[in-house]
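Q: Following this message is one structure expressed as structure tokens.
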Ligand code: DON
């Protein structure tokens, strides 16, 4: 009989103060029942409204999670700041500025408006701006563009990411408002590629499957001025991170951006699947997942977590 291997006894996990804090924050918001799960993309309507996860990733690579932090969901509009970063990295500020502005709109995310002075969409966080930015994804065909996009997002998350094909198909089948926006930009000369090709990239970027943990690492990569804290890889230059965070600060929460800046004072981005990320530059990224949304399309628990966290740790930028 082989002797029993020498396994040292495992020491029990002792919760750190931040884990204890996150647990009580999670518990205090678990009973919030307000809001509606987005259903205009039919597949998103199937989400469980009770799912609720929070994850924090620090710039030195520590991760603290509570609740459903490993539950997969689609990134949706939280992809937009990263695509903006990609466009800056691959094409530079000048080229990106020809495609999209940096002015907050105060309008809903799906507003069908362009700046009538120069025909540009107002900023890369609203759908129009994100569709214009999606055109800048490199690749000669859809599969090359998808591969390049997933590679870039994987560098941010520190692991390979995939597309949720069901959500992609659901969005492709019903995204007629985004089609209207893309064709309007074709009409004004803002798009050069066929709109359906650009929309393929846009719908796919929104359908990337992530977890709270992934989003916290992606936010922490922005907090670390562009270096992924898990892999040590430089993904974006500090200048481009500054550009991305500036636009997130003013436009990331749509027509709630002003109140958000007032209450929370951190660059942030939401997605209609129920994700929210916020970035504390030089310190950490925080990600929340909870599907029920408020009337402007931001996760109710996501907003509440960030508000409370910013307040409890005095994180407001001003
Ligand atoms: O294009 C859309 O409507 C969705 N794929 C993304 C919108 C979104 O996430 C807005 N965020 N709160």
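Q: In degrees between 0 and 90, to the nearest 10, how far off the longest principal axis of the chain does helix 195-206 point, with axes built from Cα atoms?
A: Helix 195-206 sits at roughly 10 degrees to that axis.
Q: Compute a Gaussian network model of the chain, connecting alpha carbons closer than 10 Å, and tell me which residue from 215, 33, 125 fluctuates the most.
A: 33
Q: Could you check the spin-label model distance between residue 174 and residue 13? Points 7 Å from the Cα along Cα→Cβ, value in nm.
A: Distance between the two pseudo-spin positions: 3.6 nm.
Q: Select from 99, 205, 166 the residue whose mean-square fluctuation is largest in a Gaussian network model of the chain (Cα-Cα springs shorter than 10 Å).
A: Largest GNM mean-square fluctuation: 166.
Q: Can I ask one more? Could you compute the FRET efficiency for residue 39 and residue 259, with r as their C-beta to C-beta distance and R0 at 25 Å, rounded to 0.05?
A: Working: r = 25 Å, r/R0 = 1.00.
It comes out at approximately 0.50.
Q: Normalising by the residue count of the stretch 172-318, find the relative contact order in percent from Cα pairs under 8 Å and 6+ residues apart.
A: With pairs under 8 Å counted, the relative contact order is 19 percent.
Q: Further, regarding this structure: Which value, to two decimals, describes the C-alpha radius of gyration of the stretch 17-312 once divided by 2.2 N^0.38 Å? Intermediate values should be presented prior to the final figure.
A: Values: Rg = 17.5 Å, N = 296, 2.2 N^0.38 = 19.1 Å.
Ratio of Cα Rg to 2.2 N^0.38 Å: 0.91.
Q: Compute the FRET efficiency between residue 159 and residue 117 as 1/(1 + (r/R0)^6), taking r as their Cβ-Cβ distance and R0 = 41 Å, and round to the nearest 0.05. Kindly include the intermediate steps, with their values, before the conclusion.
A: Values: r = 42 Å, r/R0 = 1.04.
About 0.45, to the nearest 0.05.
Q: So between residue 24 and residue 230, what do we pick up on full extension, going 0.36 nm a residue minus the alpha carbon distance?
A: 71.5 nm
Q: A further question follows. Would you calculate, for the chain, the mean residue ellipticity at 222 nm contributed by helices, counting each DSSP H stretch of 4 or more residues as -39,500 (n - 2.57) and dividing by all residues, to the nearest 500? Could the numbers behind the result be given before it?
A: Numbers: 11 runs with 137 residues, N = 318.
Calculated from helices alone, the mean residue ellipticity at 222 nm is -13500 deg cm²/dmol.
Q: What residues of the stretch 193-225 lie in the reach of a label at residue 95, counting those whose backbone N is under 18 Å from a point 7 Å from the Cα along Cα→Cβ?
A: The answer is 193-194, 198, 201-202.
Q: Can I ask one more? On C-alpha positions alone, give me the angle between the axis of helix 212-223 and the longest principal axis of the chain, in degrees, nearest 10.
A: Taking Cα atoms only, the helix is inclined about 70 degrees.
Q: Between the stretch 97-174 and the stretch 240-289, how many Å separate their Cα centres?
A: A separation of 17 Å, based on Cα centres.
Q: Could you identify which residue out of 174, 105, 74 has the top mean-square fluctuation in a GNM of the chain using Cα springs shorter than 10 Å?
A: 174
Q: Using a 10 Å cut-off around each Cβ, can you sort 79, 192, 237, 65 from fewest to most neighbouring Cβ atoms? Before the final figure, lay out the partial values.
A: Working: 79 26, 192 10, 237 14, 65 20.
Listed from fewest to most nearby Cβ atoms, that is 192, 237, 65, 79.
Q: Could you sort 251-260, 264-273, 142-151, 45-54 so that the peptide with the highest average Cβ count within 10 Å comes first and the rest follow in order? Walk me through the numbers on the way to the answer.
A: Numbers: 251-260: 21.3, 264-273: 25.4, 142-151: 15.6, 45-54: 17.9.
Output ranking for 251-260, 264-273, 142-151, 45-54: 264-273, 251-260, 45-54, 142-151.
Q: Decide, for the stretch 112-268, between rounded, prolate and oblate: order the square roots of the alpha carbon gyration tensor eigenvalues as a ≥ b ≥ c, take rounded if a/c falls under 1.5, and otherwise choose prolate if a/b is larger than b/c, else oblate. Working shown, then result.
A: On the way: a/c = 1.71, a/b = 1.19, b/c = 1.44.
Verdict is oblate for the stretch 112-268.
Q: Hey, rough spin-label estimate for residue 138 and residue 295, points 7 angstrom out along Cα→Cβ, what's it come to in nanometres?
A: Those two pseudo-labels are separated by 4.5 nm.
Q: Considering the alpha-carbon set of the stretch 246-306 alone, what are its Rg and its Dmax in angstrom?
A: In order Rg, Dmax, the Cα atoms of the stretch 246-306 give 10.4, 32 Å.
Q: Which whole-number percent gives the relative contact order of the stretch 235-286, counting Cα pairs below 8 Å spaced six or more residues apart?
A: Values: 45 pairs, mean separation 12.4, N = 52.
After rounding, I find 24 percent.
Q: Continuing with the same structure: Classify the stretch 153-203 as rounded, prolate or oblate, taking a ≥ b ≥ c as the square roots of the eigenvalues of its Cα gyration tensor: rounded when a/c is under 1.5, otherwise prolate if a/b is larger than b/c and oblate if not. Display every interim value, and only then the final one.
A: On the way: a/c = 3.59, a/b = 1.68, b/c = 2.14.
Taking the square roots of the gyration eigenvalues as a ≥ b ≥ c, the stretch 153-203 is oblate.
Q: Helix 176-187: angle to the longest alpha-carbon principal axis of the chain, degrees 0 to 90, nearest 10?
A: Long axis of 176-187 versus the principal axis of the chain: about 50 degrees.
Q: Let me ask another. Give the Kirkwood hydrodynamic radius (Å, one decimal) of the stretch 28-140, defined as one over the mean of 1/r across all pairs of different Cα atoms.
A: Details: mean 1/r = 0.0595 Å⁻¹.
Evaluated over the stretch 28-140, this radius sits at 16.8 Å.
Every read-out reported here was derived from the displayed coordinates using simple, explicitly stated rules and does not represent laboratory data. Worth saying up front: this structure is predicted, and the values here are computed from it rather than measured. Every residue, glycine among them, receives a Cβ derived from its backbone with ideal geometry; neighbour counts consider all protein chains shown.
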